[in-house]
């Protein structure tokens, strides 16, 4: 089965997080407490998505958008 592609917008340094919300267009909004420094927010987003989809962290990969707020993840289910 091919991986599920998830489009997400990340909100680092969020007091609201960790939280996943769905936008009107279907993208996920990821609120993480980690800062956008040295990949900390990306790692927090992977952990958050793994918990959201109930899969291990190793099943979630950042496919595009390493330095952008707009990211694409692949989730193996």
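Each value in this text was obtained by applying a stated rule to the coordinates, not by laboratory testing. Everything numeric here is computed off the predicted structure, so don't read it as measured data.
Miscellaneous remarks
- The helix-only estimate of mean residue ellipticity at 222 nm for the chain, built from DSSP H runs of length n ≥ 4 each weighted as -39500 (n - 2.57), is -6000 deg cm²/dmol after division by the residue total.
- Computed over region 4-75, the ratio Rg/Rh where both radii use C-alpha atoms and Rh is Kirkwood: 0.91
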